[in-house]
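Below: the structure, in structure tokens.
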Amino acid sequence: MAGATLAEERSRRPWLLLAPSALLYAAFLLVPLALLVVASVTPAEGPGRLQAATGEYYAAFATDGITLTILLHTLRLASLVTLSCLVLGYPLALFMRRAGPKTRLAIMLVVVSPLLSSVIVRNVAWLLVLGREGIINTGLQALGLIDAPLPLLYNTFGVVVGVTHVYLSFLVLPLFASLTTINPAAEESAAILGASPLRTFLYVTLSLSPPGAVAGATLVFVLTMGVYLTPVIMGESFVTTLPMVITDLVRNQFEWSRASAFAIVLLLVVGGVMAASGWAERRLTT
Amino acid sequence: MGTETPAVNAAGINKHFGAFHAVRDLDFQVRKGEIVSLLGPSGCGKTTMLRMLAGFVTPTSGTIAIAGKVVNGVPPHRRHVGMMFQSYALFPHMSVGENVAFGLRMRSVPKAEIKLRVEEALRAVRLADRIDSYPRQLSGGQQQRVALARALVIKPDVLLLDEPFGALDRELRQHLQAEMKRLQRQLGISTLLVTHDQEEVLLLSDRIAVMHKGRMDQIAAPEEIFERPATRFVAEFMGGTNIFEGRVEQQGGTGLFRIAGSGDAIGLLACGPFSQAAGAPVMIRPERVTLVANRDRGTPPAAAIMSGRVTEMNYLGSSTEYRVALDGDDEVEIVSRIPGLQASGERPRLDEPVFVCFDSAAVHSLPVSSQL
Ligand SMILES: Nc1ncnc2c1ncn2[C@@H]1O[C@H](COP(=O)(O)OP(=O)(O)OP(=O)(O)O)[C@@H](O)[C@H]1O
Ligand SMILES: [Mg+2]
């Protein structure tokens, strides 16, 4: 009897714990999402427009060469940012694994610091570094290494730098966490079995890190798909991404329905990416 | 045989961690084909010594030679030693077969030969049918055997084992110990085993090196360590609980040992020719002490040396342990461990007066020790 009551209590309790956040998600995620779906199939004008659902905005997205190109650009930007986070993040995470607790904490703080500073301040700082008159260009010119300023800003490069700077922590922290789960004795085993440090790294350390890397890379990719302010400031009008188009449709053209449809497409693409990475992660860990 | 190069020759090994002196002046050899055990309490430097042989820890001073070659400064992957970790440390992303093949791949052994040798090694540990399993699909004991096969397949100059059976339950541990001894004999692999388990060490070792606070107190065959410990520490570590301080007095051709109790000294006749420095203790193993019940205040048997009263009785299954307070001084106790074979009628009971008997040859004299 007592056991049954306990079991009942057990089964009820988690749901109670879930209630506050569930309410929050319902109010601020599910409801707006539903409204977004409705808006995306509602004709912009015409009589009885609320009764006649339409797929015209989705069709427009799929057939319009420009929107497809922008989607591809957005995917390319997300890929480049993910790649640069991986290239920068791997050595960093590997170093953190070997470092003492103090150094580790210091690195973590530095990596997380962009998230703690205002996006405007951060981007203006980058303008001062990367601009035509920025310290890199003036420095290189002063040294006589270049004649004309390098195009570091208002192009994909500038945007990748700016976004990588903010999102690096989303890759480094999961990767570091997964590296710490590798048994150091496994690496020592490889060494004692005759593997040089390089081969130990390749066959053991690197081979055991993908779960964390995939999780981190997915986060960075998905976040970059939705990034807005940094491309606006660091890319100006030279780099266009899907979130910029959607914002423009809402703010300047009042095309709510079209914007909603495009937002849904973006959401589906992101969902697809996450599903693929979830599948990859399961493959890697089983 | 005596001239053969030893598998391991460690000479004058010291290791400091900062100001801490973890290993002091260690000298020992592992001869070809034998199992030497490093035995000692936690923190005495066993793992540190093992890791110096593997090349993961650099000795502060001293020379290590493996198979006749000095390996100081040689990194682990060029030492050709086998090592098994307490956590087994199998590669979780590789199958059993790939785990065992790893060392051979690193040595660029041809594929066909790798296949044969991996199969052979897995057959030796009776896991041939699990070649395609992954480590997480195996039990602890099976993982341990894979780790052993992985270490053995490269035919190392010496096999290093750090508490290889520590994580296993008793029954499995005994099974694997027997298995491991069989394999080691069969392959003639020189082995250095680290452990703090006295039972394990007696079962497996050809020689035992007892370590204490970074030093080696004694390195000798198990019987020697058990019966004739070189220091008081070794005696106590091997379960020799009867250690008496006292002094020897000459009496004719025999010595008389006086146990220094808290009160009056107790006479103990020790007929053996054991030399005694002043203040040096003697040890009598509990198994060598027998008790005869002194029920009707009869005459003592010929072997009786002391008399006393049973104060504690602990039944241990295969034997029974008695604590006897000696007559004359309640503070001085002697422990006797009597095999369960003795007829129950003759067994002393609690609080009963007894004669304490032992052969003078059972009395082993220990050196005066500065430690403890
Ligand atoms: N890297 C290190 N830095 C500082 N001190 C260390 C280091 N490695 C070991 N020590 C110290 O050296 C001493 C011996 O350690 P070691 O691991 O060799 O002991 P052990 O005999 O294997 O003990 P156990 O039976 O508990 O495994 C310990 O006091 C330990 O704290
Ligand atoms: Mg140890």
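The values are calculated or read from the model by the stated rules, or taken from the named source; none is laboratory data. Quick caveat: nothing in here was measured; it's all calculated off a predicted structure. All Cβ positions, glycine included, derive from the backbone under ideal geometry; neighbour counts span all protein chains shown.
Structure notes:
- Considering residues of segment B:182-218 that are part of a loop (DSSP other than H, G, I, E, B) and not acidic (Asp, Glu) only, the residue farthest from ligand 1 (Cβ to nearest atom): B:Gly188
- Taken together, the residues in segment A:179-214 that are part of a loop (DSSP other than H, G, I, E, B) and more than 7 Å from chain B (Cβ to nearest Cβ) amount to 3.
- For B:Asp27, the conditions (1) under 19 Å from the mean Cα position of the chain (by Cα); (2) within 14 Å of another protein chain (Cβ to nearest Cβ); (3) among the charged types (D, E, K, R) are fulfilled apart from (2).
- Test: residue in segment A:137-153 that is away from chain B (no Cβ under 14 Å), within 19 Å of A:Leu83 (Cβ to Cβ), in contact (Cβ under 8 Å) with a residue 60 or more places away in the chain and surrounded by 14 or more Cβ atoms within 10 Å (Cβ to Cβ): no
- Residue match in segment A:141-154 (condition: assigned to a loop (DSSP other than H, G, I, E, B), more than 30 Å from B:Ala151 (Cβ to Cβ) and in contact with a Phe, Trp or Tyr (Cβ under 6 Å, 6 or more places away or on another chain)): yes
- Qualifying residue in segment B:46-63 (condition: under 24 Å from B:Gln184 (Cβ atoms), more than 12 Å from ligand 2 (Cβ to nearest atom) and β-branched (Val, Ile, Thr)): no
- Whichever residue in segment B:137-168 is farther than 30 Å from B:Val70 by Cβ and within 13 Å of another protein chain (Cβ to nearest Cβ) and, among such residues, is modelled with the lowest pLDDT: B:Ala167
- Residue check, A:Leu83 surrounded by fewer than 17 Cβ atoms within 10 Å (Cβ to Cβ), out of contact with any Leu (no Cβ under 9 Å at 6 or more places or on another chain) and assigned to a helix (DSSP H, G or I): yes
- Residue check for A:Thr247: crowded, with 21+ Cβ neighbours inside 10 Å and more than 14 Å from chain B (Cβ to nearest Cβ): no
- B:Phe56 being surrounded by 20 or more Cβ atoms within 10 Å (Cβ to Cβ) and either at the interface with chain A (Cβ under 10 Å from one of its Cβ atoms) or modelled with pLDDT of 95 or more (or both): no
- The set of residues in segment B:100-136 that are more than 14 Å from chain A (Cβ to nearest Cβ) and either crowded, with 22+ Cβ neighbours inside 10 Å or touching a Lys or Arg at 6+ places or on another chain (Cβ under 8 Å) (or both) comprises B:Leu122, B:Val125, B:Arg126, B:Leu127.
- Matching residues, segment B:143-164, being part of a strand (DSSP E or B) and buried (at least 23 other Cβ atoms within 10 Å of the Cβ): B:Leu159, B:Leu160, B:Leu161
- Unique match (being within 26 Å of A:Leu128 (Cα to Cα) and of a type in the set (A, V, I, L, M, F, W, C)) among A:Leu179, A:Leu168, A:Leu208, A:Leu198: A:Leu168
- Scanning segment B:64-79 for residues that are under 18 Å from B:Glu34 (Cβ atoms) and assigned to a loop (DSSP other than H, G, I, E, B) returns B:Ala67, B:Gly68.
- If you check B:Gly97, B:Gly33 for being closer than 29 Å to B:Leu116 by Cβ, in a loop (DSSP other than H, G, I, E, B) and more than 14 Å from chain A (Cβ to nearest Cβ), only one passes: B:Gly33.
- Inter-residue pairs, beta-carbon under 8 Å, first in the same structural domain as B:Leu161 (by TED's automatic domain parsing) and aliphatic (A, V, I, L, M) and in segment B:71-89, second part of a strand (DSSP E or B) and away from ligand 2 (no atom under 16 Å from the Cβ), 6+ apart: B:Val71/B:Ile64; B:Val71/B:Ala65; B:Val81/B:Ile66; B:Val81/B:Leu159; B:Met83/B:Leu159; B:Met84/B:Leu159
- Complete set of residues in segment B:1-30 that are under 17 Å from B:Arg215 (Cβ atoms), away from ligand 1 (no atom under 16 Å from the Cβ) and either in contact (Cβ under 8 Å) with a residue 60 or more places away in the chain or assigned to a loop (DSSP other than H, G, I, E, B) (or both): B:Asp27
- Conditions (1) within 14 Å of chain B (Cβ to nearest Cβ); (2) closer than 17 Å to A:Val269 by Cβ; number of the one not met by A:Val220: (1)
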